[in-house]
Protein chains: 2
Amino acid sequence: MSAHKFLVDIHTHVYLPRYANLLRSRSSVPLMRTTTTPAGVSEDRLLILDHEPSGGRPVGPQYWDREEKLKFMDKHGIDVSVVSTANPWLDFLPASEAHTLASELNNDLEAYCATSPSLTSNQYEIKRLYGFGLLPLVPKITTSALLEIVQQISTLPHLRGLIMGTRGIGNGLDDEALDPVWAAIEKAGLVVFLHPHYGVDGKAWGDKDYGHVLPLALGFPFETTTAATRLILSGVFDRFPSLRILLAHSGGTLPALSSRLASCIDHDPVVASKLKHDARYYLGKFYLDAVAYGPEELGFASDVLSRANAYASGATEPRVANRTVGSQRMLFGTDHPFFPPLSATEKWKSVTENLEAIDNVQGWTEEDKAGVRGDNALRLFNLKE
Amino acid sequence: MSAHKFLVDIHTHVYLPRYANLLRSRSSVPLMRTTTTPAGVSEDRLLILDHEPSGGRPVGPQYWDREEKLKFMDKHGIDVSVVSTANPWLDFLPASEAHTLASELNNDLEAYCATSPSLTSNQYEIKRLYGFGLLPLVPKITTSALLEIVQQISTLPHLRGLIMGTRGIGNGLDDEALDPVWAAIEKAGLVVFLHPHYGVDGKAWGDKDYGHVLPLALGFPFETTTAATRLILSGVFDRFPSLRILLAHSGGTLPALSSRLASCIDHDPVVASKLKHDARYYLGKFYLDAVAYGPEELGFASDVLSRANAYASGATEPRVANRTVGSQRMLFGTDHPFFPPLSATEKWKSVTENLEAIDNVQGWTEEDKAGVRGDNALRLFNLKE
């Protein structure tokens, strides 16, 4: 009998109680407030974006209650979750407050994970919850404060990485001021989960009311793509070749644009001269979640990762013609508790669609699929204790 | 012996002499000006975007001289080009001037094509140049002026479509005020070539100098994706199901985001209720140029087109497991005279890369590839006279 194959969710969010309380205390976005529905029911609503349509989204205990996370996992056969604070993290806080809160939330998340149930396989024991910590990436923060928190995260045994948005300390992730932070993260072996929040300027969406569709479906992936591209262009991967960055939503649109990016760089000798490799090489530096809702999308993303090494400067190896190489850097995720189903009893489509997508990728072997469902996460986050 | 297979370039631009003269006469962007290089050589520079880096791009007769277009075609074995005015078209002009100039430029382009050399196959005669006309899509233009120009284009025998940007008459392409225009275009059987110009707000690109790379590599496809998505969300394809829209740069990032788009719509019942089909169905309404610089990109785009009909409301047909269906809506293009080579003698990489990409798509038959290189264009633009 083969060993049980784990299903590991690496894109799953929480607002820890301390953070939820902060949101409740605020009068400007981001905030959470309790309203009364026309039917007289008390309801919490979350506003995390400026100009949020329809008075914010209804939220409930699935956002902060660990039992709800475990129930969701049980309902969908998810063995292990690597949990991260949802956007907008600490972006809106002054530096000293962000610093203190990052430290406290990292300790909270460590306790959240450390006291979670254990699973026992025939080979090793594993917790059901692990976490991505938080850095106080806000303007005016000191490098030493950032390095202190990287150090903290690296010593908390159930935190295996950190989640960050795209603004860095105010100038984006291609800011040289972050180099000591990348160096420390690389050295500590922490995985950076790069996640969008701001989208792009809302004027692009026009005047029609399409709810959250445009900022979520397009703005989020555009933001991730832009941040990842700026990382590439800034030479971060040339300076920190062992950095491990996991991109949300299957890399946004970076896989689809990587050859166009390479072509544009190729036609600009000044930009090209600053990089060691063709842009497509750097795609192979990323890890991608498998939150793309379709098998063709996942297969294509794995193509782009698979071919990356053929674009190393001076590479003589042919382009890899199978998708296995790329699949090994892709990892199942759900985006829970966002995208809830329209009725409480249903399984979440965001889960079932993403699992079906993995199952239906042409050219992925059963082993590749098991990798994306969980084995890659076990390896990347070193979960086999 | 099999018949000669045509190579047809459907993404190739021109600034007709009348338009180039207008750009020369202007003192604000867009404009063209003659400068002297440090070596004492006189050089034309084109500025089409605000805040354009490096004083604009050098331009020469390949932008306005028909002989240069034909020489480029001969050099690369391109039999036929379907030429379009490059961005920003007439977007910057007051309505009356845009109206007059559209009419004049359409007549100019008709003459440019009608007096071009002919090719004779064993079956039919064909010109080497055809064109996309221009509409005066600017604020304050009247519907009757737009309809008059649609009518003009439809009567000019060598114009087979029209090119447009993403702003419509100021409120984007999801503006109901354009419904009579879509109706007229649909009725006339003209192909709409939807092309970006504005990108997204430049604040997203940060402070570092990466030349044109970010606005061209990312901003352009983001803009196209947003415009095409807003078209879908507005129900244009439900109201005008025979509309034929060709998206620049292989649809930008729309193929990569279509399942995410479908998921976001699915989780918003109000938006979903306004559409007849799953978002992925509408992907099959588009034609895509094959300007994506990589075989994996083209193969994926064809996957997304191939599967579209399986997402029709109530569809029972299985997802198409081959890429042929999608390939039939994809068409070779070069983006000439943009992306010139770094030396004058070279073949243009933008041509050779896109041809190699077509050649290397896994799952495309020789017939599919011949379709993308030219046969699909012959059919779409009805070029077999």
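Every number here is computed from the coordinates shown, using simple stated rules; none is lab data. These numbers were taken from a predicted model, which means no experiment stands behind them. Glycine also receives a Cβ, built like all others from the backbone with ideal geometry; neighbour counts cover every protein chain displayed.
The share of Cα pairs per 10 Å bin across segment A:169-323, counted from zero up to the longest distance, runs 10, 37, 36, 14, 2, 0 percent. Packing, as the average of other Cβ atoms within 10 Å across residues, places the peptides A:173-181, B:67-75 in the order A:173-181, B:67-75, highest first. Based on the convex hull around the alpha carbon atoms, segment A:214-301 presents an average projected area of 5.7 nm².
Distance from the Cα centroid of segment B:198-230 to that of segment B:234-284 is 21 Å (rounded to whole angstrom). The string of couplings for segment A:65-74 from the Karplus curve (6.51, -1.76, 1.60, θ = phi - 60°) is 9, 4, 4, 5, 4, 5, 5, 4, 4, 4 Hz, one whole number per residue in order, with x for Gly and Pro. Phi angles of segment A:376-381 translate, via the Karplus equation with coefficients 6.51, -1.76, 1.60 and θ = phi - 60°, into HN-Hα couplings of 5, 5, 4, 6, 4, 9 Hz per residue; Gly and Pro are given as x. If you take all other residues with their beta carbon under 13 Å from the beta carbon of A:L70, and give Lys and Arg +1 and Asp and Glu -1, the sum is 0. When you work out D = kT/(6 pi eta Rh) for segment B:250-301 at 10 °C and 1.306 mPa s, using the Kirkwood radius from C-alpha pairs as Rh and the Stokes-Einstein form, the result is 132 µm²/s. Peptide B:70-78 has a mean shielding of 0, counted as Cβ atoms of other protein chains within 10 Å of each residue's Cβ. In order along segment A:100-116, the Karplus-derived 3J(HN,Hα) couplings, from 6.51 cos²θ - 1.76 cosθ + 1.60 at θ = phi - 60°, round to 4, 5, 4, 4, 5, 5, 5, 5, 4, 5, 4, 5, 4, 7, 5, 9, 7 Hz, and Gly and Pro are given as x. Could you pull out every residue, at least 5 positions away or on a different chain, whose amide H is within less than 5 Å of the one on B:M330? Hs are placed 1.01 Å off N in the peptide plane, and Pro or chain starts have none. HN-HN under 5 Å from B:M330: B:L288. Annotation: Cα Rg of segment B:249-385 relative to the compact-globule expectation 2.2 N^0.38 Å equals 1.17.
Is the shape of chain B best called rounded, prolate or oblate, per the rule: a/c under 1.5 gives rounded, else a/b larger than b/c gives prolate, else oblate, with a ≥ b ≥ c the square roots of the Cα gyration tensor eigenvalues? Rounded is the answer for chain B, as its axis ratio a/c remains below 1.5. Output the antiparallel fraction of DSSP beta bridges having both residues in segment B:1-129, as a percent to the nearest 5. Expressed as a percentage, antiparallel bridges in segment B:1-129 total about 65.
P(r) tail, segment B:311-385: Cα-Cα pairs separated by more than 20 Å, 48% of all pairs.
Taking amide H as placed 1.01 Å from N in the peptide plane, the amide H of A:G133 sits under 5 Å from that of A:R160, A:G161, A:L162, A:I163, each at least 5 places away or on another chain. Put a dot 7 Å past the Cα of B:A183, heading toward its Cβ, do the same for B:N107, and the two dots end up 2.9 nm apart.
Neighbours of B:D289, meaning other residues whose beta-carbon lies under 13 angstrom from its beta-carbon, give a summed charge of 0 when Lys and Arg score +1 and Asp and Glu score -1.
Using 5 Å bins from zero, what percent of all Cα-Cα pairs in segment B:8-121 falls into each bin? In whole percents, the pair-distance histogram is 2, 10, 19, 21, 18, 15, 9, 4, 1, 0. Shape class of segment A:17-60 from the Cα gyration tensor (axes a ≥ b ≥ c, square roots of the eigenvalues): oblate, since a/c reaches 1.5 or more and a/b does not exceed b/c.
Pairs of Cα atoms nearer than 8 Å and 6+ residues apart set the relative contact order; for chain A it is 15 percent. Considering all alpha-carbon pairs of segment A:136-236, what whole percent are spaced by more than 16 angstrom? Here the tail beyond 16 Å accounts for 61 percent of pairs.
According to the calculation over all Cα-Cα pairs in the protein assembly as shown, the P(r) per 10 Å bin from zero is 3, 14, 24, 26, 18, 10, 4, 1 %.
Among residues other than B:V29 with Cβ under 14 Å from its Cβ, the summed charge is +2 (Lys and Arg +1, Asp and Glu -1).
Residues whose amide H comes within less than 5 Å of that of B:K127, counting only those at least five positions distant or on another chain, are B:L119 (H built at 1.01 Å from N in the peptide plane).
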